[in-house]
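Engineer: Right, I'll just put the structure down here and ask away after.
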Amino acid sequence: EPEVTQTPSHQVTQMGQEVILRCVPISNHLYFYWYRQILGQKVEFLVSFYNNEISEKSEIFDDQFSVERPDGSNFTLKIRSTKLEDSAMYFCASSRASHTGELFFGEGSRLTVL
Amino acid sequence: AQSVTQLGSHVSVSEGALVLLRCNYSSSVPPYLFWYVQYPNQGLQLLLKYTTGATLVKGINGFEAEFKKSETSFHLTKPSAHMSDAAEYFCALYTNTGNQFYFGTGTSLTVIP
C-alpha cells in the first residue's frame, strides 16, 4: 500500500539552527500539506502546496518557514533559526484531490529544539 | 469561519462497552467531515469520512459516524470497545473554500479491561 514517508523520524537541534524536514508523498497525489502537533495540543495546519506553489498557509507559517518540492518527489519543510517553541511533531500529508478530502499522513518527524 | 469542537479530551470505557466520541462543527458552507485515529508514535490514519450522500458512514475497525446537519454534529461510535481501540481520535473538517483541514483538539480513548 502506498504511503507517505518522512525523514528524519526524530531530530534534535540547537536553538537558532536551521532544520529541514523531508517528506515523500504518495506518487500520484497532487496536494501536499504540513501540519504540526505540539505535545499535548491539537494538530495545527501550517501550509498547503499545489502545482509547485503554496495554496494556503496559516498564521503560524511565517517567514521562518518555507516549503519546496525540489525534485518532483520530495516535499520539504525548512525552519530557519529554530526556536524552543518549534519543538513539535511535524506531519506531512498528501491527497490526490483537494475535495475528495482524504489526507494520507506520514508518521511524523519529531523536532526537539534545545 | 470553520471550526471543530471535540467534547471530552479523555474518554474511558470498559472493554465491550459502547464508544461515543463527540464532535461538533461550525461551517458557513457544506462541510466534509473526517475522523482520524492516532496510535502512539504513529501518524494519523483515516477512520471514516463524510462527503455527500448517506449521512451514516461506516469506517474501519467497526467505527461509524452520523452526520447530523441540524445538530452540526459528527459523533463517532462503536458498539463494542476493544483494547486495541485505545488511541487519540481527531475529528476534522474540510471545505471547498479553503485548501486546509481544521482539526479538533482530540479525544484520548482509554479502554479498561
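Since every read-out is calculated from the coordinates, none of them should be taken as a lab result. Since the structure is predicted, the reported quantities are computational estimates derived from the model, not experimental observations. Reconstructed Cβ throughout: ideal geometry from the backbone, glycine too, with neighbour counts over all protein chains shown.
Engineer: Could you calculate the contour length gain from A:Ser66 to A:Leu84, that is, 0.36 nm times the residue separation minus the distance between their Cα atoms, to one decimal place in nm?
Structural biologist: Full extension of this stretch gives 4.7 nm more.
Engineer: So which chymotrypsin sites (Phe, Trp or Tyr not before Pro) in region B:53-83 end up in coil per DSSP with only 16 or fewer other C-beta atoms within 10 Å? Display every interim value, and only then the final one.
Structural biologist: Working: sites: B:Phe63, B:Phe67, B:Phe74; in loops: B:Phe63.
In loop regions of region B:53-83 (DSSP not H, G, I, E or B), there are no sparsely surrounded chymotrypsin sites (Phe, Trp or Tyr not before Pro).
Engineer: Using the scaling law 2.2 N^0.38 Å as the reference, what is the normalised Cα Rg of region B:3-113?
Structural biologist: 1.01
Engineer: Using a Förster radius of 35 Å, what is the FRET efficiency between B:Lys58 and A:Val24 based on their Cβ-Cβ separation? Nearest 0.05, please.
Structural biologist: Once the sixth-power term is evaluated, E becomes 0.70.
Engineer: Do you know the relative contact order of region A:51-114, to the nearest whole percent, from alpha carbon pairs under 8 angstrom that are 6+ apart?
Structural biologist: Once normalised by length, the contact order is 25 percent.
Engineer: Something else about it: Let me know the charge dipole size of region B:22-78 about its Cα centre in debye, to the nearest 20, where only the beta-carbon of Lys, Arg (+1) and Asp, Glu (-1) is charged.
Structural biologist: 20
Engineer: Another question, if that's okay. Can you give the charge dipole size of chain A about its Cα centre, rounded to the nearest 20 debye, using +1 on the beta carbon of Lys and Arg and -1 on the beta carbon of Asp and Glu?
Structural biologist: Dipole about the Cα centre, nearest 20: 140 debye.
Engineer: List, largest first, the extents of the alpha carbons of chain A along their principal axes, each in whole Å.
Structural biologist: Result, largest extent first: 38, 28, 28 Å.
Engineer: Further, regarding this structure: Normalised by the number of residues in region A:10-86, what is the relative contact order in percent for Cα pairs under 8 Å and 6+ residues apart?
Structural biologist: Dividing the mean separation by the residue count of region A:10-86 yields 38 percent.
Engineer: So how far, in whole Å, is the C-alpha centre of region A:28-45 from the one of region B:37-107?
Structural biologist: Centre-to-centre (Cα) distance: 16 Å.
Engineer: Give the relative contact order (percent, whole number) for chain B; include only Cα pairs under 8 Å separated by 6+ residues.
Structural biologist: Once divided by the residue count of chain B, the mean separation gives 37 percent.
Engineer: So, one more: Taking neighbour counts of Cβ atoms within 10 Å as a proxy for exposure, in what order, fewest first, do A:Met15, A:Met89 appear?
Structural biologist: Taking fewest neighbouring Cβ atoms as first place, the list is A:Met15, A:Met89.
Engineer: Something else: What residue among B:Leu109, B:Trp35, B:Val19 has its Cα farthest toward the positive end of the dipole of chain B, where the charges are +1 on Lys, Arg and -1 on Asp, Glu, each on the Cβ?
Structural biologist: Value: B:Trp35.
Engineer: Ok, one more. Over the Cα atoms of the protein assembly as shown, each weighted equally, I'd like the Debye log10 I(q)/I(0) at q = 0.17, 0.18 Å⁻¹, rounded to two decimals.
Structural biologist: -1.23, -1.34
Engineer: Next question. Between B:Glu15 and residues 5 or more places away or on another chain, which pairs have amide H atoms under 5 Å apart, with H built 1.01 Å from N, and which residues are they?
Structural biologist: For B:Glu15, whose amide H was placed from the backbone, the distant partners under 5 Å are B:Ile112.
Engineer: Mind ranking B:103-109, A:38-44, B:27-33 by how tightly packed they are, going by the mean number of other C-beta atoms within 10 angstrom, highest first?
Structural biologist: B:103-109, B:27-33, A:38-44
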